[in-house]
Amino acid sequence: MYGNLIEALGNVDKEKSVAEVKKLVNQGIDAYDIIQNGIMEGMEIVGQRFQEGEYFLPDLLLAAEAVKACSDVVKPLLSESKSGNKATIVMGTVAGDVHDLGKNIVGTTLESGGYKVVDIGVDVPREKFVEAVRKEKAQVLGLSALLTVTMVEMEKVIQAIRKEPVLKNVKIVVGGAPLDQEYADKIGADSYAKDARDALLKIRKMVG
């Protein structure tokens, strides 16, 4: 049922991917199932091909555009009860780092999963993270870093969040190429997400 969509996304074919999503919608397939069993599976193939050296950063950028286009088709059809739209997520790339491709893919995936995502951009100072989480009354904060030298900034952001009594229950998820679960534990994050699918699954587990 989802094979054509998965193949199209895996091949980074935006036009065909959108067409396949529309076909599934017209067939009455549940929008959330399309995300789970089609869009996310296609993304996983793209991720695998990138890790294997078959795809490069330009391919990931095109894949992100394809995913967003597909998500735009199904998002209006997501019911709050099925998508679990219970949490607001603030996310951004830490100070000193201007990479946002991975963050953008994660944000699109989370939005497709029914969450409200407030993306505050790249090279974000820790004070802005604190301000945004407080202002949005976010339940989750997502921190991204692609450079080894900016990983240390994540710990400073986490410490700033933890100092605020009103934010003590905020869940913090970190991600980025140089990170792993061990480092996430070391800096006091609640979780580490290796990719967009992992981020969605872990956030769903933490906050519904």
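Could you compute the net charge surrounding R126? Neighbours are other residues with a C-beta less than 9 Å from the C-beta of R126; K and R count +1, D and E count -1.
Values: positive: K128, K156; negative: E127, E153.
Net charge in that neighbourhood comes out at 0.
Charge tally around G96: other residues with Cβ under 9 Å, Lys/Arg +1 each, Asp/Glu -1 each, net -3.
Which of F50, F129 has the fewest other C-beta atoms within 10 Å, and how do the rest follow up to the most? Each step should come with its number before you reach the end.
On the way: F50 16, F129 26.
Ranking F50, F129 by Cβ neighbours within 10 Å, fewest first, gives F50, F129.
Partners of K14 within straight-line reach, counting aspartates and glutamates whose Cα lies under 14 Å from its Cα and excluding those fewer than 8 residues away in the same chain: D59, E65, D72. Of the GluC sites (Glu not before Pro) found in the stretch 48-149, those that fall in a DSSP loop while having at most 10 other beta-carbon atoms within 10 Å are E52, E54.
In whole percent, what relative contact order does the stretch 3-77 give with Cα contacts below 8 Å and a gap of six or more residues?
Details: 78 pairs, mean separation 34.7, N = 75.
Rounded, it is 46 percent for the stretch 3-77.
With contacts defined as alpha carbon pairs under 8 Å and 6 or more residues apart, what's the relative contact order of the stretch 82-208 in percent? It rounds to 28 percent for the stretch 82-208. Quotient of the Cα radius of gyration of the chain and 2.2 N^0.38 Å, N being its number of residues: 1.01.
The base-10 log of I(q)/I(0) for the stretch 21-76, evaluated at q = 0.16, 0.25 Å⁻¹, reads -0.51, -0.94 [Debye formula, identical scatterers on Cα atoms, solvent excluded].
For the chain, what is the calculated [θ] at 222 nm in deg cm²/dmol (nearest 500), taking -39500 (n - 2.57) for each run of four or more DSSP H residues and dividing by its residue count?
Working: 11 runs with 113 residues, N = 208.
About -16000 deg cm²/dmol.
Here, each number is a calculation from the coordinates, and none is a lab measurement. Values in this document were obtained by computation on a predicted structure and should not be read as measured data. Glycine also receives a Cβ, built like all others from the backbone with ideal geometry; neighbour counts cover every protein chain displayed.
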